[in-house]
Every structure is written in structure tokens, then in C-alpha cells.
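Have a look at the structure below before the remarks.
The values are calculated or read from the model by the stated rules, or taken from the named source; none is laboratory data. This structure is a prediction, so every number in the text was calculated from the model and none was measured. Note that each Cβ is placed from the backbone with ideal geometry, even for glycine, and that neighbours are counted across all protein chains shown. These accessible areas exclude ligands, DNA and RNA; they are computed on the full protein's heavy atoms, side chains included. Shrake-Rupley method; radii C 1.70, N 1.55, O 1.52, S 1.80 Å.
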Amino acid sequence: FILLKKIKIYLIMLSLFTSISFAQQKGRYGLGFEFQTIPSTLMLETNNPQSHQQLGVYFPFETGSGFLIEPKLTYQNSSTEVDYDLAYSDDYEITEKNWSLVVGAFKLREKEKMRFYAGIRAGKSWYKREVTENDDVEIELFIIAPTIGAEYFITDNFTFGGEGMYSMFSSEDEQNDITTSTNLTILIPSFIVRFYF
């Protein structure tokens, strides 16, 4: 089941990159920034690596054939150090790293200064947690997210808008002859500003 999902993700990613290479158009590039509309405190859970990636940077490429190809990158690195005043307690440090790469492909539809888009985002997320004198925890999540959104053109090169991603995350971990499969589904609304060049 997990293998089938992995194959689907790789096929989607391949089709996204193929669509870029076959686009015969004058495209324009951009840069976007994401702001989550769900408060961070509602998402924070130690056992949920997806909760640690709150903000993303987008690299939109608008094709002349009415499509938007948009890679998205997120990264976070945090460190917590605990020092005990008592001599019989050991100090320790917790380090967490989380980053993801997701590529979106969307069909565009424009109406005056509004633009609507619908499509899918697919990619992968990597999470690592290190605690002093304990085993590291490493999790890889595969991401598939059907997405719809809209943006408003304030000028020809600057937009703001919002989108909703129906995100599906899956991972599989094998340790000591035990296989653990994890699936997470969440609806993530986001506010995004984009600058086109």
C-alpha cells in the first residue's frame, strides 16, 4: 500500500517536470511567502513532524499555456538545552530539524484582477530529532495535497490570496522487525503573497 503511494508520487513529480519542459511559452517567474491561517499552538505536537513546518517559500513559474508550476520549500531547525542545578541530574539537549520540498501543478483561470487555480501538490518531508544520549528519531513523510486557491492582482507583479490544501501524509518505519505505518490527513488553509518578475 505504501509502495503504491510512493510510485504514484514519483509519477506525479515526473509529469510535473515533463509539463515544464513541453511548455512552449513565455513564462514568468516569481517568489512567494506563506502565512498559515491556523495558529501555531494548535499544530504543535512533539510526535507530529508536520506541525513544525509552518511557513513556506514558493517559487512560482507561470506558463503561457495557462498553468502554474510552483515548487515550495520549508525549513526549520530548533534546539533546546536543559541544564539542571542538581548534581545528580544529567543535562541534555534536544535538536529538531524539519524540511520539505513540494511541487505544485495548477490550471489557471483568470477573471479581471482575480485568478483562480486548482491542482495538486506532491513531495516529501524529512524530520530528525536528536536527544543527548538517546537514539535519534528520523521520519520521512510523503505528501499528496489536492489544492484550490485564488489570488488578487494588486498590480501586474504583486498578488495576495489564499488556498486550501487537503494534505495527506504517509510514512513507514521499520525497526527491530516491527513496521510502523503512519497516515495523517489535514486541511491546511494558507495566506500567500506572490511577487512576479
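Taking Asn134 as meeting all but one of (1) farther than 29 Å from Tyr29 by Cβ; (2) open to solvent by less than 60 Å² (accessible area, probe 1.4 Å), write down the number of the exception.
(2)
Could you tell me how many of the residues in the stretch 143-197 are under 17 Å from Glu112 (Cβ atoms) and among the aliphatic types (A, V, I, L, M)?
Residues flagged as under 17 Å from Glu112 (Cβ atoms) and among the aliphatic types (A, V, I, L, M) within the stretch 143-197 amount to 2.
Would you confirm, using the coordinates I've provided, whether Glu96 is in contact with a strand residue (DSSP E or B) (Cβ under 6 Å, 6 or more places away or on another chain), surrounded by 11 or more Cβ atoms within 10 Å (Cβ to Cβ), over 30 Å from Tyr29 (Cβ atoms) and of a type outside the set (Phe, Trp, Tyr)?
For Glu96, the condition - in contact with a strand residue (DSSP E or B) (Cβ under 6 Å, 6 or more places away or on another chain), surrounded by 11 or more Cβ atoms within 10 Å (Cβ to Cβ), over 30 Å from Tyr29 (Cβ atoms) and of a type outside the set (Phe, Trp, Tyr) - is met.
For the stretch 149-156, check the following and say yes or no: at least one residue is over 17 Å from Glu70 (Cβ atoms) and small (Gly, Ala, Ser).
no
Any residue at all in the stretch 172-180 that's assigned to a loop (DSSP other than H, G, I, E, B) and modelled with pLDDT under 85?
Checked against the condition, which is being assigned to a loop (DSSP other than H, G, I, E, B) and modelled with pLDDT under 85, the stretch 172-180 yields at least one hit.
Check whether at least one residue in the stretch 124-145 is touching a Pro at 6+ places or on another chain (Cβ under 7 Å) and closer than 17 Å to Ile69 by Cα, and report yes or no.
No, the stretch 124-145 contains no residue that is touching a Pro at 6+ places or on another chain (Cβ under 7 Å) and closer than 17 Å to Ile69 by Cα.
Which of the residues belonging to the stretch 162-197 are under 26 Å from Arg28 (Cβ atoms) and either among the small types (Gly, Ala, Ser) or open to solvent by 70 Å² or more (accessible area, probe 1.4 Å) (or both)?
Result: Gly162, Gly164, Ser190, Phe191, Phe195, Phe197.
Is it fair to say Pro60 is surrounded by 18 or more Cβ atoms within 10 Å (Cβ to Cβ), modelled with pLDDT under 75 and touching a Leu at 6+ places or on another chain (Cβ under 8 Å)?
no
Would you mind stating whether Thr159 is crowded, with 19+ Cβ neighbours inside 10 Å, touching an Asp or Glu at 6+ places or on another chain (Cβ under 8 Å) and in a strand (DSSP E or B)?
yes
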